Amino acid sequence: MLFKRLLIILFAAVLVLPGCGQSRSDSAPEQVTLVLDWTPNTNHTGFFAADELGYFAEEGLSFAFVQPPEDGALALVAAGRADFGISFQEEVLLAANARTPLPVVAIAAVVEHNTGGILSLSESGITRFRDLEGMRYGSWQVPIYDELIKECVRLDGGNPGNVDFVPNSALDNITGIQRDFDAVWVFEGWDKVIADRHGFETNFIAFRDISPIFDYYTPVLITSEERLNSDVTAKFLRAAARGFEYARDNPEEAADILHRHVPEMDRELLAASQRYLSGEYYKGAKWGYIDSERWNAFFSWMRENEFVDSDAANEAFRNVEY
């Protein structure tokens, strides 16, 4: 599962990606590769739109994407086997604070605010975090995520010791909340949309509503320290920003673009998810901006809970001019 890859960091990558290391003539487009964090979904639509609408080509780039290996995008980007990747703030900070730090940097917020939270069936009566007391929470069994849930319960006046953390081994989260546990961590634009489309009455409690500390950046676009200040990085961001602007303003057409990349997925599910997420990519003037106060607030929480011990939070992200 996505969350179970968080603490597993691979330090050597052997995957050979299309176009990596190939020479090119001055007139040939430069190949850039993006490693996703999961199968193509509405978090990624802007990249696919930028490719299909020719924005990458206008910047002299040829775009390719790959789905991640079991250990995620960090290792491939750090090893120079991919130009860019999709990761998460907590994952980047853990990598930066590892015994052998990985040379990766977050360069853009794919989605402006954290859309994660807790999903449960309405009949469970879980309408706030402290209602998890006496309930079964479907845990991803990753320490930082379990501690975040406990902190949300504390902040809401509850006792996290009364929450039953059970392993989440369900085939999918919607099945899980019907059978295996009472609540689970999801992203509103995906599992909540799936539940709604299947007619389930659910409650969703957003992390960012209990504390601004938990309005951290997930997902983020990453690159290596070596590529950070390259012209290719600025070109890639410029084209991607146009793609996300298109996806923001044209959710139905953007859903069609994504569906062409994942035709096995239900087009109406993608469209419903896209309608939600198009409004979440960014509301300000510029896609991708990372606010240092928000970044450092979550870093400080991670340090207070001994998940990291370095003071170099600002070294793990950059707002690259494009």
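The values are calculated or read from the model by the stated rules, or taken from the named source; none is laboratory data. None of these values were measured; they are calculated from a predicted model. We place every Cβ from the backbone using ideal geometry, glycine too, and count neighbours over all the protein chains shown. In case anyone asks, the SASA skips ligands and DNA or RNA and just uses the protein heavy atoms, side chains included. Shrake-Rupley method; radii C 1.70, N 1.55, O 1.52, S 1.80 Å.
Quick notes
- Candidates in the stretch 3-19 are the residues that are open to solvent by less than 60 Å² (accessible area, probe 1.4 Å) and either assigned to a loop (DSSP other than H, G, I, E, B) or under 16 Å from Thr223 (Cα atoms) (or both); of these, the one that is modelled with the highest pLDDT is Leu6.
- The set of residues from the stretch 235-260 being open to solvent by less than 10 Å² (accessible area, probe 1.4 Å) and closer than 12 Å to Glu59 by Cα comprises Phe236, Leu237, Ala239, Ala240.
- Sole exception among (1) outside any helix (DSSP H, G or I); (2) over 25 Å from Asn229 (Cα atoms); (3) open to solvent by less than 30 Å² (accessible area, probe 1.4 Å) for Ile107, by number: (2)
- Scanning the stretch 223-244 for residues that are farther than 25 Å from Gly284 by Cα and either assigned to a helix (DSSP H, G or I) or free of Cβ contacts under 8 Å to residues at least 24 places away in the same chain (or both) turns up just one, Ser230.
- If you go through the stretch 152-174 and keep only what is open to solvent by 40 Å² or more (accessible area, probe 1.4 Å) and outside any loop (DSSP other than H, G, I, E, B), you end up with Arg154, Leu155, Gly161, Asn162, Asp164, Phe165, Pro167.
Here is a yes/no grid of residues against (1) of a type in the set (Ser, Thr, Tyr); (2) modelled with pLDDT under 95; (3) part of a strand (DSSP E or B); (4) in contact with a helix residue (DSSP H, G or I) (Cβ under 7 Å, 6 or more places away or on another chain):
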residue	(1), (2), (3), (4)
Gly21	no, yes, no, no
Asp26	no, yes, no, no
Gln31	no, no, yes, no
Leu34	no, no, yes, yes
Trp38	no, yes, no, no
Ala64	no, no, yes, no
Leu76	no, yes, no, no
Arg81	no, yes, no, no
Ala98	no, yes, no, no
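- In the stretch 196-210, the residues that are surrounded by 15 or more Cβ atoms within 10 Å (Cβ to Cβ) and part of a loop (DSSP other than H, G, I, E, B): Phe200
- In the stretch 256-301, residue nearest to the chain's Cα centre (by Cα) [restricted to those that are among the charged types (D, E, K, R), closer than 18 Å to Ala109 by Cβ and at pLDDT 95 or above]: Glu280
- Within the stretch 305-322, residues that are more than 16 Å from Ile107 (Cβ to Cβ) have Cβ atoms under 6 Å from residues that are assigned to a loop (DSSP other than H, G, I, E, B) and at pLDDT 85 or above in these pairs: Val308/Asn97; Ser310/Asn97, counting only partners at least 6 apart in sequence or on another chain.
- Val232 meets the conditions (1) over 20 Å from the mean Cα position of the chain (by Cα); (2) closer than 24 Å to Glu91 by Cβ; (3) open to solvent by 60 Å² or more (accessible area, probe 1.4 Å); (4) not small (Gly, Ala, Ser) in every case but one. The failed one is (3).
- Within the stretch 126-137, residues that are closer than 15 Å to Phe207 by Cα sit with their Cβ atoms under 8 Å from residues that are open to solvent by 70 Å² or more (accessible area, probe 1.4 Å) and part of a helix (DSSP H, G or I), at 6+ positions apart or across chains, in these pairs: Phe129/Leu155.
- Among the residues of the stretch 70-84, those identified as surrounded by fewer than 24 Cβ atoms within 10 Å (Cβ to Cβ) and either under 17 Å from the mean Cα position of the chain (by Cα) or within 10 Å of Arg227 (Cα to Cα) (or both) are Glu70, Asp71, Gly80.
- The number of residues in the stretch 306-322 being open to solvent by 50 Å² or more (accessible area, probe 1.4 Å) and either on the phi > 0 side of the Ramachandran plot or of a type in the set (S, T, N, Q) (or both) comes to 3.
- Total residues in the stretch 35-47, condition closer than 17 Å to Tyr281 by Cβ and crowded, with 22+ Cβ neighbours inside 10 Å: 7
- Some residue of the stretch 261-276 being free of Cβ contacts under 8 Å to residues at least 60 places away in the same chain and open to solvent by less than 10 Å² (accessible area, probe 1.4 Å): yes
- Residue list for the stretch 278-295, filter: part of a helix (DSSP H, G or I) and surrounded by fewer than 15 Cβ atoms within 10 Å (Cβ to Cβ): Ser292, Glu293
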